[in-house]
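Any read-out appearing in this document is the output of simple, stated calculations on the displayed coordinates, not a laboratory observation. All figures in this text were calculated on a predicted structure; none of them were measured in a lab. Here the Cβ positions follow ideal geometry from the backbone for every residue, glycine too, while neighbour counts run over all protein chains shown.
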Amino acid sequence: MIARILTPLALLMATAAPAQQTLPTPQPVVAEPVPAEAHPALWKVSDADTTIYLFGTIHLLPKGLDWFKGPLAQAFAGADELVTEIPEIDPQTSQGVLIKRGILPTGQSLRDQMSPKERAKFEQTLTGFGLPVAAFDRFKPWYAAVVLATLPLQRTGYSLANGVETDLAARNVTLGRPRTGLETLDYQLSLFDGFSPKVQRRYLFEVIAALPDIEKDVGGMVEAWRIGDAAKLAALMNADEDDPAMIAALLTNRNKAWATWIKVRLDRPGTVFLAVGAGHLGGKGSVQDQLEGLGVKSARVQ
């Protein structure tokens, strides 16, 4: 369930999603944290002339996690290129994709698609955040769900600016190295846009039901990531996930595609630092599992 919330979360925040331009920006209410030691998991796949490091990222983090050091920092410094889920995208292009995938057809309204009971619950949630009840009328259910999920996290100090991708991207620019993506933004958002309106509405109300506990749930996920417990992290991210179609679209199919990319990339010499969402690198069906099925072994290095 948490994986479904967080998969497109950073993408929307990073690309200045249309609805968020009119929504209030929550101010963190937490005290300045004391820096904490972190040792997130790192793996590598290699042959005679190629090394590919596999690092699981967290899109949004609170301040104070000291994670870029040790074997991880050494691996990043020694790489020839950075590979992430999507490449760097200019704001104009990303806005176009978000409008294409997140806006309802002309004449449709999100609240008009809801039952009276659903509409009442939805409006109660919006007013609880100080939002007008019409804030998401022009948007598809999946989009409303993702934006709503950001609000309690932002209010407790979570930020994309503290996230792993933001840090790695800045370091990579400083080093002047190339950065490529495994997927496109349009493809990633199409995964959600491709679900039927009924499935999207169910997802929206699952997110609304999860909002009171989302800080605690994400906090547990960040703690598992901090100590490098990949199995626990995957279990937390994918807990209560009982929709086979969503599991296949968001996790399994993508893990298979990425494992195939890694195997093919081993045919070219060099060192690659590959950073993808941490939920893809733990648990049954992970990228490492898919690699093993292709005859490629991975080794834990941190």
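Structural remarks
- Counting only Cβ charges, +1 for Lys and Arg and -1 for Asp and Glu, the dipole size of the chain around its Cα centre is about 360 debye.
- Size descriptor, Kirkwood hydrodynamic radius, that averages inverse alpha-carbon separations across the chain, Å: 20.0
- Each pair of Cα atoms in segment 224-302 enters the Kirkwood radius, and Stokes-Einstein at 25 °C and 0.890 mPa s then converts it into a translational diffusion coefficient of 183 µm²/s.
- Here, segment 55-183 is characterised by an Rg to Rh ratio of 1.08, where Rg is the alpha-carbon radius of gyration and Rh the Kirkwood radius.
- Cross-link partners of K44 among aspartates and glutamates (Cα-Cα below 14 Å; sequence separation of 8 or more within a chain): D289, E292
- The separation of segment 148-204 from segment 46-63, counted between C-alpha centres, amounts to 16 Å.
- Debye log10 I(q)/I(0) for segment 120-236, one point scatterer per Cα, at q = 0.16, 0.17, 0.18, 0.22 Å⁻¹: -1.02, -1.11, -1.18, -1.33
- Counted without the sites themselves, the longest stretch of the chain free of chymotrypsin sites (Phe, Trp or Tyr not before Pro) in a DSSP loop having at most 16 other beta carbon atoms within 10 Å is 130-302.
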